[in-house]
1. Residue by residue through the range 103-128, note down the ones that are within 17 Å of the chain's Cα centre (by Cα) and without any contact (Cβ under 8 Å) to a residue 24 or more places away in the chain.
2. Suppose the filter is touching a helix residue (DSSP H, G or I) at 6+ places or on another chain (Cβ under 8 Å), aliphatic (A, V, I, L, M) and either modelled with pLDDT under 85 or not in a helix (DSSP H, G or I) (or both); does A152 pass it?
3. For the range 85-99: of the residues being touching a Leu at 6+ places or on another chain (Cβ under 8 Å) and of a type outside the set (D, E, K, R), which is most open to solvent (accessible area, probe 1.4 Å)?
4. Where residues in the range 37-55 are touching a residue at least 24 places away in the same chain (Cβ under 8 Å) and among the small types (G, A, S), which of them is farthest from Q8 (Cα to Cα)?
5. Can you tell me which of D190, D144, D132, D185 is assigned to a loop (DSSP other than H, G, I, E, B) and under 20 Å from the mean Cα position of the chain (by Cα)?
6. Only residues that are part of a loop (DSSP other than H, G, I, E, B) and either among the hydrophobic types (A, V, I, L, M, F, W, C) or in contact with a helix residue (DSSP H, G or I) (Cβ under 6 Å, 6 or more places away or on another chain) (or both): list them for the range 11-32, please.
Amino acid sequence: LILYNQKQQGLFSIANALGIPKSQFVDVASRLGLASVDQPLSLDTQSDQLLADDAFQQMIIQHALPARELLRRYLKEQGFFGNRSVALVDIGWNGTIQFSLREIFGEASDFPEVIGLYLSFNDGFKYDFGPDQIKGILYDGRRDSYRSNVFALFEELFENSSRAFHGTTIGYRDVDGKMTPILRDEESPDRIAE
């Protein structure tokens, strides 16, 4: 998903999004025939090679394990897990957060029924959601004409106007026994752009 960003800078984009030092991707770049970690990847060929690279997969899995546990603890404290329905509310587009939560925690016995409520649901990635698991409020790509989707035409306008005032959550930490979000530093280039 990271690679579908129009501004993707190859392995650097992945490293940046996942919080892994880009130096750890130098060998991966070499195996893919890239001149540098910053060189954009070809989605037609190199993305498949990347996903088939066992060393890359293991690096990502090992990096993700502690972060997944912290996220699970945070969600549990917020009352997400349990035998009930939970609403996930987002500006939308494709339901990637909802899909990812199901992929990561969906096998857990306490994973709830999750209903996604989206300002605009474009369904571009075609995740396998059931008909009652997603609701596009002002636009729903499964029922509305694409020509009427002002959200797709002006995505950045809606994304930026609905953004939280604080920085993006980039992780979680335990503060006195309570899971607390770690927000992007206000002076980071990404935050300044926001």
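1. Selection gives E103, G106, K126, D128.
2. Here the answer is yes, as A152 does meet what is asked.
3. First, pick out the residues of the range 85-99 that are touching a Leu at 6+ places or on another chain (Cβ under 8 Å): 87-92, 96-98.
This time we only want the ones that are of a type outside the set (D, E, K, R), so: 87-89, 91-92, 96-98.
Values: A87: 63, L88: 32, V89: 113, I91: 21, G92: 13, T96: 44, I97: 96, Q98: 10 Å².
It comes out as V89.
4. Ranking the candidates gives A55 first.
5. On the way: D190 fails: assigned to a loop (DSSP other than H, G, I, E, B); D144 fails: under 20 Å from the mean Cα position of the chain (by Cα); D132 fails: under 20 Å from the mean Cα position of the chain (by Cα).
So the residue among D190, D144, D132, D185 that is assigned to a loop (DSSP other than H, G, I, E, B) and under 20 Å from the mean Cα position of the chain (by Cα) is D185.
6. Selection gives I20, L32.
The values are calculated or read from the model by the stated rules, or taken from the named source; none is laboratory data. This is a predicted model, so every value here is computed, not measured. Ideal geometry is used to build each Cβ from the backbone, glycine not excepted, and the neighbour counts take in all protein chains shown. Side chains are part of the model used for accessible areas, which takes the heavy atoms of the whole protein and leaves out ligands, DNA and RNA. Shrake-Rupley method; radii C 1.70, N 1.55, O 1.52, S 1.80 Å.
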